[in-house]
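These notes are about the structure you will find just below.
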Amino acid sequence: MTPLQFEEMHAPLWAELEAEVGVAERKRKFDGARLATLYRRVCEHLALAQARAYPVHMTQRLETLTQSAHRLIYRRHDYGMARLGRLVLVDFPEAVRAHGGFLLAAALLFTLPLLLAGFAAWHDPGFILHLLGADQVQNFEHMYGDDADAFGRKRDADDDWTMFGYYIMNNIGVGFRCFASGIFAGVGSAFFLLFNGVQAGAVGGYLIQAGHGQNFCSFVVTHGAFELTAIVLSGAAGLRLGHAWLAPGRHTRLESLRLAAHHAVVVIYGVVGMLLIAAAIEAFWSSARWVAPEVKYGVGAACWLLVLAYLGWQGRPRRTGQAPQGGDGHAR
């Protein structure tokens with residue numbers, strides 16, 4: 001395709017984005033969904049124009065246009081309750097569903113090793129010593145034993161607030177490693193998913209075999225809905241980075257990586273929120289001995305259903321017999 005044909009094909013869309021940007025800059029009010037859609041399309045056109053070495057005047061026009069739209073979308077409206085509400089109710093679950101194939105791969109990389117290691121440690125308690133030191137195993141037995149003051153608490157932790165801070169640092173650290181290491185062709189993300197799955201499964205299988213199954217399972221069932229799901233989502237976002245590096249398509253590798261990170265970062269915003277929720281539940285609810293295990297199982301089941309329903313259906317467009325009249329078509 002010649003530069004002239006490319007410009008004639010896409011000029012109406014560029015003009016529409018220019019008009020939207022002009023209206024937004026004058027009135028400071030615009031259709032965010034339409035502007036974002038146009039912005040993504042023009043970013044793709046800019047990448048193609050740069051890759052094909054089209055004339056400088058064309059690439060400069062597209063660069064100016066995308067920079068103006070980016071400023072409106074990501075700087076002026078990144079803050080405030082309205083933006084946060086859209087992120088929670090629409091953008092995050094939509095971004096998760098857009099990572100469907102990577103999400104499936106991440107779930108398998110985490111879940112299968114977890115189940116296999118859990119069975120191995122349950123069948124042969126000595127298996128866990130291949131993964132953890134004897135002092136670490138003893139510490140886990142203390143944390144989930146019947147004589148523990150609070151389940152899951154480290155020996156040197158004085159209260160739930162101390163553990164809350166520890167869980168935040170630990171959870172976000174795990175999630176960040178699963179995501180950021182994806183830049184190494186996805187191998188890093190796959191490794192950390194496997195590693196965390198094996199370790200979690202081995203600890204669980206060992207504690208169940210040792211007679212601490214009710215204490216351990218009632219502890220993890222509630223916050224696990226948020227924490228384990230967030231780890232898998234982080235891995236899926238990391239795998240997308242790796243795929244962008246290995247299979248850049250018509251883009252350069254750096255451009256492909258930039259575009260993948262632009263979409264994956266929305267998932268990471270949601271992951272951070274889920275890990276904060278998990279840390280709060282883990283510190284103040286999961287560890288509580290005054291809550292009966294049956295209650296924790298019931299609440300945990302409700303949380304798992306809530307998380308799966310939220311990620312699977314929240315933010316989908318309304319299904320009606322007529323085409324939506326304006327707006328972004330998302331459920332409110």
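Select from the range 1-44 the residues that are open to solvent by 90 Å² or more (accessible area, probe 1.4 Å) and either aliphatic (A, V, I, L, M) or on the phi > 0 side of the Ramachandran plot (or both) and list them in ascending order. Residues satisfying the conditions are Met1, Leu4, Met9, Arg28.
Here is a yes/no grid of residues against (1) modelled with pLDDT of 90 or more; (2) loosely packed, with under 12 Cβ neighbours inside 10 Å; (3) not polar (S, T, N, Q):
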residue: Thr252; (1), (2), (3): no, no, no
residue: Glu282; (1), (2), (3): yes, no, yes
residue: Tyr297; (1), (2), (3): yes, no, yes
residue: Arg332; (1), (2), (3): no, yes, yes
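Regarding the range 81-96, can at least one residue be identified that is closer than 20 Å to Gly242 by Cα and open to solvent by less than 80 Å² (accessible area, probe 1.4 Å)? Steps first, answer last, please.
Step one: filter the range 81-96 for residues closer than 20 Å to Gly242 by Cα, giving 95-96.
Pick out the ones that are also open to solvent by less than 80 Å² (accessible area, probe 1.4 Å) and you get 95-96.
Yes, the range 81-96 contains a residue that is closer than 20 Å to Gly242 by Cα and open to solvent by less than 80 Å² (accessible area, probe 1.4 Å).
In the range 44-66, the residues that are in a helix (DSSP H, G or I) and of a type in the set (S, T, N, Q) form Cβ pairs under 8 Å with partners that are open to solvent by less than 60 Å² (accessible area, probe 1.4 Å) and at pLDDT 85 or above, at six or more places apart or across chains, as follows: Gln50/Thr59; Thr59/Leu46; Thr59/Ala49; Thr66/Tyr39; Thr66/Val42; Thr66/Cys43; Thr66/Leu46. Filtered by the rule that a residue be without any contact (Cβ under 8 Å) to a residue 60 or more places away in the chain and outside any helix (DSSP H, G or I), the range 28-43 gives Arg28, Lys29, Phe30. If I filter the range 62-74 for residues that are modelled with pLDDT of 95 or more, closer than 29 Å to Leu239 by Cβ and open to solvent by 30 Å² or more (accessible area, probe 1.4 Å), do I get at least one hit? Within the range 62-74 (the criterion being modelled with pLDDT of 95 or more, closer than 29 Å to Leu239 by Cβ and open to solvent by 30 Å² or more (accessible area, probe 1.4 Å)), the answer is no, since none of the residues qualifies. Taking each residue of the range 1-27 that is touching a residue at least 40 places away in the same chain (Cβ under 8 Å) and over 14 Å from Pro55 (Cβ atoms) and looking for partners that are surrounded by 16 or more Cβ atoms within 10 Å (Cβ to Cβ) and of a type in the set (Val, Ile, Thr) with beta-carbon atoms closer than 6 Å, six or more apart or interchain, yields Leu17/Val42. Return yes when Gly100 is within 30 Å of Gly235 (Cα to Cα) and surrounded by fewer than 13 Cβ atoms within 10 Å (Cβ to Cβ) and no when it is not. Yes, satisfied. Residues in the range 204-232 that are surrounded by fewer than 21 Cβ atoms within 10 Å (Cβ to Cβ) and in contact with a His (Cβ under 9 Å, 6 or more places away or on another chain): Gln209 alone.
The set of residues in the range 182-196 being at pLDDT below 95 and in contact with a helix residue (DSSP H, G or I) (Cβ under 6 Å, 6 or more places away or on another chain) consists of Gly182, Ile183, Ala185, Gly186.
The set of residues from the range 142-181 being at pLDDT 90 or above, under 27 Å from Gly211 (Cβ atoms) and surrounded by fewer than 20 Cβ atoms within 10 Å (Cβ to Cβ) comprises just one member, Asn170.
Just checking, does the range 210-227 include any residue being closer than 23 Å to Arg97 by Cβ and not small (Gly, Ala, Ser)? Within the range 210-227, one or more residues are closer than 23 Å to Arg97 by Cβ and not small (Gly, Ala, Ser). Filtering His123, His130 for residues that are open to solvent by 80 Å² or more (accessible area, probe 1.4 Å), modelled with pLDDT of 90 or more, under 12 Å from Leu207 (Cα atoms) and not polar (S, T, N, Q) leaves a single hit, His123. Is it true that some residue in the range 197-218 is modelled with pLDDT of 95 or more, touching a Cys at 6+ places or on another chain (Cβ under 6 Å) and in a helix (DSSP H, G or I)? Within the range 197-218, none of the residues are modelled with pLDDT of 95 or more, touching a Cys at 6+ places or on another chain (Cβ under 6 Å) and in a helix (DSSP H, G or I).
So that you can scan it fast, the table gives a plain yes or no per residue for (1) closer than 19 Å to Phe192 by Cβ; (2) out of contact with any Lys or Arg (no Cβ under 6 Å at 6 or more places or on another chain); (3) of a type in the set (Phe, Trp, Tyr):
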{"site": "Tyr206", "(1), (2), (3)": "no, yes, yes"}
{"site": "Gln214", "(1), (2), (3)": "no, yes, no"}
{"site": "Phe219", "(1), (2), (3)": "no, yes, yes"}
{"site": "Glu227", "(1), (2), (3)": "yes, yes, no"}
{"site": "Leu241", "(1), (2), (3)": "yes, yes, no"}
{"site": "Ala247", "(1), (2), (3)": "no, yes, no"}
{"site": "Glu255", "(1), (2), (3)": "no, yes, no"}
{"site": "Leu259", "(1), (2), (3)": "no, yes, no"}
{"site": "Val299", "(1), (2), (3)": "no, yes, no"}
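Residues in the range 182-203 that are among the small types (Gly, Ala, Ser) and surrounded by fewer than 22 Cβ atoms within 10 Å (Cβ to Cβ): Ala185, Gly188, Ala200. When Gly235, Gly273 are checked against the criterion of being of a type in the set (Gly, Ala, Ser) and surrounded by 18 or more Cβ atoms within 10 Å (Cβ to Cβ), Gly235 stands alone in meeting it. All conditions but one from (1) in contact with a Leu (Cβ under 8 Å, 6 or more places away or on another chain); (2) within 14 Å of Ile268 (Cβ to Cβ); (3) not small (Gly, Ala, Ser) apply to Leu239; the one that does not is (1).
The values are calculated or read from the model by the stated rules, or taken from the named source; none is laboratory data. It should be emphasised that the depicted structure is a prediction, and the values quoted were computed from it without experimental measurement. Methodologically, a virtual Cβ is constructed for each residue, glycine included, from the backbone with ideal geometry; neighbour enumeration extends over all protein chains shown. Remember, those area values only see protein heavy atoms, side chains included, never the ligands or the DNA or RNA. Shrake-Rupley method; radii C 1.70, N 1.55, O 1.52, S 1.80 Å.
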